[in-house]
Amino acid sequence: MPPTGPSSETPRTTHGHRTALDRAAIESVFEDALDVPTHRRAAWLRARCDADDALRREVSLLLAAHQRSESVLDVPAASRVVAVLDDDRRGRHIGPYRVLRELGRGGMGVVYLAERADGQFRRRVAVKLLRASADAEELHRRFLAERQILASLSHPNIATLLDGGVADGALPYLVIEYVDGVPITEYCDRHRLDVATRLRLFRDVCAAVQHAHQNLVLHRDLKPGNVLVTRSGEVKLLDFGIAKLLNPTLTDVAAPVTRTAFRLMTPAYASPEQVRGDSLTTTSDVYALGLLLYELLAGAQAHRVDSDAPQAVYDAVCEREPERPSVRVAHDPVAAAARDTTPERLRRLLRGDLDAIVAMALRKEPGRRYGSAELLAADVARVLDGNPVVARRAGRWYRLGKLLRRHRAAAAFAAASALLLVGGAALALRLASLAARERDRARSALTESERARRESDAVSSFLVGLFEASDPTEGRLDTLTAANLLRRGVARADRLGDQPVAEARMLETLGRVQASLGDLPLAERLLRRALALRLTHLGPEHAQTAAGEAALALVLRQRGEYAAADTLAREALRVRRLALGDAHPDVAASLRQLGALAVYFADLPAAEAYHRQAVAVDRRGGHRADSALAMDLRELGAVLGRRGRSDAAEAALREARAAAGRAFPGPHRDHVEVTLRLADLLDQRLATRAEAESLYLAALAESRAAFGDSHPETATALGQVGEMLARHGRTAEGVRLLREAVALQQRTLGSTHVDVATTMTDLARVLGRDGYSAEGERLTRQAAAMYAASLGTGHSAYAGALGYLGDVLARRGALDSAEALYRRALAIRTKRGNARHGIVALTNGGLAGVLTKRRRFAEADSLYRWSLGVLRSYTSDGNVDVRRTYAGMATLYQAWGKPDSAARYRRLAQPPGFAPP
C-alpha cells in the first residue's frame, strides 16, 4: 500500500514528460467538466482546480473552444479534444522498435521510449505514434506536416528525426532523438545559474529557432516545456507538432484547419497575433522567445491573466504591457536566490539593457520587434560583451557609460588622475562636508530607529500574544474562536502601516497561525507580504528577513512546492550565517529545515548531513539548547531509521527524548512527539514491541495532560495508538480510537482540515486490513476530495489517497479502475518528485499488486524489482517498506506458480526477530 506522505520536485528525465503530464491533467479535468451543467461549470472548476490557476485557465479555454465548435461538428467533444486512451504497449513493437515505457501524451499522439529491436543498432529513441480519434483526418495532416518539418531540420539544438513508418492499425509514427533533459527554466533554477549563464543558454535557443526560420518553419509553440536542457547542459528544441511551413508549396501536406489554432496554442506563451487569429510570421516566434527570456530572467511569466475567459486572455496578451523584469524581481527572494544573487543585485542586473531587450521582443506590433531570432540573440550577445544594445537609444552618455564599464581599470585610473590634477582640494572639502552630513544623519537615524523599534516592539508584543493564543499547537484553545482573532488581527495589522517592521512581524504571526489552522493559501499570502516588507525596510541580509524566508519556506513545503521552499531555505541559511554566525540557534533551525527538504528530494545522505550539522550547533549551546537538540536528534533518528540503521536511529531518538525531558520537565508537545517517533521505530522489531506499546500509551497520557482531551495534538496521539493496536491484532480497539481521533479533529480543526483527511485514510487502512470495506472506500474517497480541496490535485498526499483508493478497488475486484488510479498517482508523484524516490517506488509496488491480480505477472515482477532496487539504494532489508515489497513479491510468485521463490520472499518479509515455527 502506498504511503500518503509528500513527494518532491526534482528534474524530469523523459522526452517531453512535463508537457505531457500537464496535458494529461488538463484533459482529465476537461472531460469531467463536460459532464457538469454549463451554468455550474465556473464554480465547479474553481473548486476542482483549487489554487492551480494555470490549470483552470487552460481548461476554461478548452471549454470555450468546445462551446464555439459544438454546433459545427457532430461528433463527441471528448473525442475531439481529449486523447483516446491507447492500450498499454509496453513490450510490444512499433515497426522495428520495441516499446520500453510511455513517456507522455500530447494532442496528436502518445510518445514512447523505445529501442531498435531488429539488431541493426542499439539506441534509445522516442517514438511518437498517432492516436486513433474522431479527428483522424485533421490529426493525420498535422502529423505528416510535423514529419515533413522535422525532416527539413538538422541542427545540434533541435531534436533529430531518425525514422518513421506505419504501425499496425495503419497509424503513422515518428522516431525522434530521445532527449534526457528538463525544461530550461527548471534546469536554470535547480542549478542556480546566474544571469549571464542563462543568457548563453538562451542564445542557443535562438540559434535553433533561427535555423528553423531559415528552413521556412515557424515553431508556434515555444515555451519552457518544449526547450529541454540535458545533463551536459545542451539545449534541445522539441515538439514541432503545431509548427507551420512558411511556404506551403514545399510540401504536399495540407495545412491544419484554422479552427484548431486557439485550443492548440498555449495562452501564457502566445503572441498577440496568435490570440487574435491573424497570420503569423517569424516575429511571432520572436515574441515567444521574448516571453521565454522574461521567465528566465524574472522567474515568472510575463502575461498575467485575471480570469478564465478568452476575453481575459485577449486583454492580457493584446492590451496590457508586461511589468518590466527588473520591477518584477525587486522583492522576490526566490527568483534572486535561484539566480545566485539578491533581489537588489538582480534588479540592477536587469534594469536597463535587459529590460529594453525584453520590451523590444514583446512589442505588440510585429513590425516593431526584432526582425529575427538572430537579431535578438545578437543583442543578448552585446549585453554579455558589455556593448551598447540596439534596443536602447544609443545616446552619447549611454555609449560612454558602456565604454567605461568595459574598461574599468583604465577608466578608474584616468578619472583618478583628472581629479588629482584638476580638483584635489575641492574634492577633499566636498568629501569632508559629505562625511559630516552623513555622521549627523546617522545619529539622527539611530535615535529615530531606536524610538521606532521600541514603539513597534510594544505594539507587536501585545498583538503577538493575542494571536499565539489562537494557535492550536500552543495549548488549549480559547473560547474566542481563532477566526475572530484572525479577523481582528488583520484589521490591527493594517493599522501598523507607518511601522512596517511591526506590521511584518504581525503578518508573519498571522501566517503561521493560518498555516496551523490549515489555510495554507492564505498563510502563504500573509507570509509573502511580511517578507516583502522586510526586504524593503530591513534589506535582504537582515536576520528578520531570513526568519521570514524560513517561515514562508515551511508553508511552501506543506503545499508541495519543494523546489521554491528549498531555494528560500538555502537563502535563509546563508543570511543567518552571515548575520548571526555559525553557532546561532537559528542556523540550526535552517539546517533542520534543509534536512527535511532533502528527505522530500530523496537525498537521505544529504538529509543526514544537515541534521548532524544542526546537532553539532545545538551541542555548542549546552543545556540551553536542549529543546533544539531534541528536535534535531529526533529528525536525525528518523532519517537513520529510513536508511535502515535502526540501532543508530534508536540511540539518537533515546537521546532526543532525554533532551526533551531536560528542556521540559512537565508534559510537553516536543516530548510527546519524540516519544511517538521512538515508539514507531521500536514497533518494527518483535523484540521491542512491548516497550513500543508502553511508549505509545505514555505519549497519549502525556498529550492529554499537556493539552486536555479536546485538542488536535491529543487526536494525533489517539490515532497513532489506534494504528498500533490494529497492527498488534487488536483491530476493534484500534478502530474505536481512530474514530475518536477523527471526530476530535473535526471538532477542533474543522471537517476539511488535511489532518482530518490523513486520519480518515489511516482509519480506512485499518478497516480494509482483512479485505474490502465499503466504509473504507467511502472514507478514502472523502479524504482524496479533502486533499484536492486543500492541497490541490498535484500534491503527493492526493496521489497517496488515489493509490490507496486503487488498492481498495482492487480488493473489490474493480481492477481496471484500480490500475487507472495507481497510474494517475504515479503520474502526479513522478511529475512533482524524483522518479527514484521511495514514495514512487512504493506506488509502483502498489501498481504491481494490481497487475498481479490481473495475472500480468511479468510486468508486476519488473515493477517490484525496480521498486526494490530504489528502496535498497538507501535502506536495508529490515526496513518496513522493503519488507512490504518482499510481501508483495511473495504473493506474485505464489500466483505465478513459483512456490520456492514465494517462500523465500515470504521469509524476507518477516519483521526482525521473527522465528518461523
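The values are calculated or read from the model by the stated rules, or taken from the named source; none is laboratory data. Keep in mind it's a predicted model, so treat the numbers as computed, not measured. Please note: Cβ atoms are built from the backbone with ideal geometry, for glycine as well, and neighbour counts cover all protein chains shown.
When the range 813-830 is examined, which residues are found to be farther than 21 Å from Glu561 by Cβ and surrounded by fewer than 24 Cβ atoms within 10 Å (Cβ to Cβ)?
Gly813, Ala814, Leu815, Asp816, Ser817, Glu819, Ala820, Arg823
Listed here are the residues, each with its yes/no results for (1) modelled with pLDDT under 90; (2) over 30 Å from Asp647 (Cβ atoms); (3) crowded, with 23+ Cβ neighbours inside 10 Å.
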site	(1), (2), (3)
Ala687	yes, no, no
Ala690	no, no, no
Val735	no, yes, no
Leu738	no, yes, yes
Ala743	no, yes, no
Ser751	yes, yes, no
Ala764	no, yes, yes
Ala783	no, yes, yes
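Each row is one residue, and each column tells you yes or no for (1) touching a Leu at 6+ places or on another chain (Cβ under 7 Å); (2) closer than 20 Å to Val754 by Cβ; (3) part of a helix (DSSP H, G or I); (4) not acidic (Asp, Glu).
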residue	(1), (2), (3), (4)
Gly806	yes, no, yes, yes
Ala825	yes, yes, yes, yes
Ile839	no, yes, yes, yes
Asn844	yes, no, yes, yes
Gly849	no, no, yes, yes
Glu859	yes, no, yes, no
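For Asp770, all conditions in the list (1) without any contact (Cβ under 8 Å) to a residue 40 or more places away in the chain; (2) assigned to a helix (DSSP H, G or I) hold save one; what is the number of the exception?
(2)
Being hydroxyl-bearing (Ser, Thr, Tyr), outside any loop (DSSP other than H, G, I, E, B), within 25 Å of Val870 (Cβ to Cβ) and over 20 Å from the mean Cα position of the chain (by Cα), is that true of even one residue in the range 795-802?
Among the residues of the range 795-802, not one is hydroxyl-bearing (Ser, Thr, Tyr), outside any loop (DSSP other than H, G, I, E, B), within 25 Å of Val870 (Cβ to Cβ) and over 20 Å from the mean Cα position of the chain (by Cα), which makes the answer no.
If His671 meets every condition in (1) modelled with pLDDT of 90 or more; (2) touching a helix residue (DSSP H, G or I) at 6+ places or on another chain (Cβ under 6 Å); (3) farther than 18 Å from Glu635 by Cα apart from one, which number is that one?
(3)
More than 30 Å from Gln514 (Cβ to Cβ) and surrounded by 19 or more Cβ atoms within 10 Å (Cβ to Cβ) - does that describe any residue in the range 706-715?
Within the range 706-715 (the criterion being more than 30 Å from Gln514 (Cβ to Cβ) and surrounded by 19 or more Cβ atoms within 10 Å (Cβ to Cβ)), the answer is no, since none of the residues qualifies.
Of the numbered conditions (1) out of contact with any Pro (no Cβ under 9 Å at 6 or more places or on another chain); (2) within 13 Å of Gly233 (Cβ to Cβ), Glu177 fails exactly one; give the number of that condition.
(2)
Let me confirm something: among Ala783, Ala743, which residue is under 27 Å from the mean Cα position of the chain (by Cα) and either under 24 Å from Leu517 (Cα atoms) or among the β-branched types (Val, Ile, Thr) (or both)?
Going through Ala783, Ala743 in turn, the sole match is Ala783.
Go through (1) among the small types (Gly, Ala, Ser); (2) in contact with a Leu (Cβ under 9 Å, 6 or more places away or on another chain); (3) on the phi > 0 side of the Ramachandran plot and name the single condition Gly729 misses.
Exception for Gly729: condition (2).
Take the residues in the range 284-315 that are outside any helix (DSSP H, G or I) and polar (S, T, N, Q); name whichever of them is modelled with the highest pLDDT. It would help to see each step written out before you state the result.
Going residue by residue through the range 284-315, those that are outside any helix (DSSP H, G or I) are 299-309.
Those still in the list that are polar (S, T, N, Q) too: 301, 307.
Numbers: Gln301: 90, Ser307: 59.
Checked the range 284-315; the qualifying residue modelled with the highest pLDDT is Gln301.
Go through (1) crowded, with 22+ Cβ neighbours inside 10 Å; (2) more than 30 Å from Ala860 (Cβ to Cβ); (3) touching a Ser or Thr at 6+ places or on another chain (Cβ under 6 Å) and name the single condition Leu718 misses.
(3)
Within the range 899-914, which residues are surrounded by fewer than 16 Cβ atoms within 10 Å (Cβ to Cβ) and more than 15 Å from Leu686 (Cα to Cα)?
Correct list: Pro899, Asp900, Ala903, Arg904.
Among the listed residues Gly165, Gly95, identify the single one that is among the small types (Gly, Ala, Ser), closer than 28 Å to Arg220 by Cα and at pLDDT 70 or above.
Answer to the selection: Gly165.
Pick from Glu673, Glu650: which is within 25 Å of Leu737 (Cβ to Cβ) and assigned to a helix (DSSP H, G or I)?
Glu673
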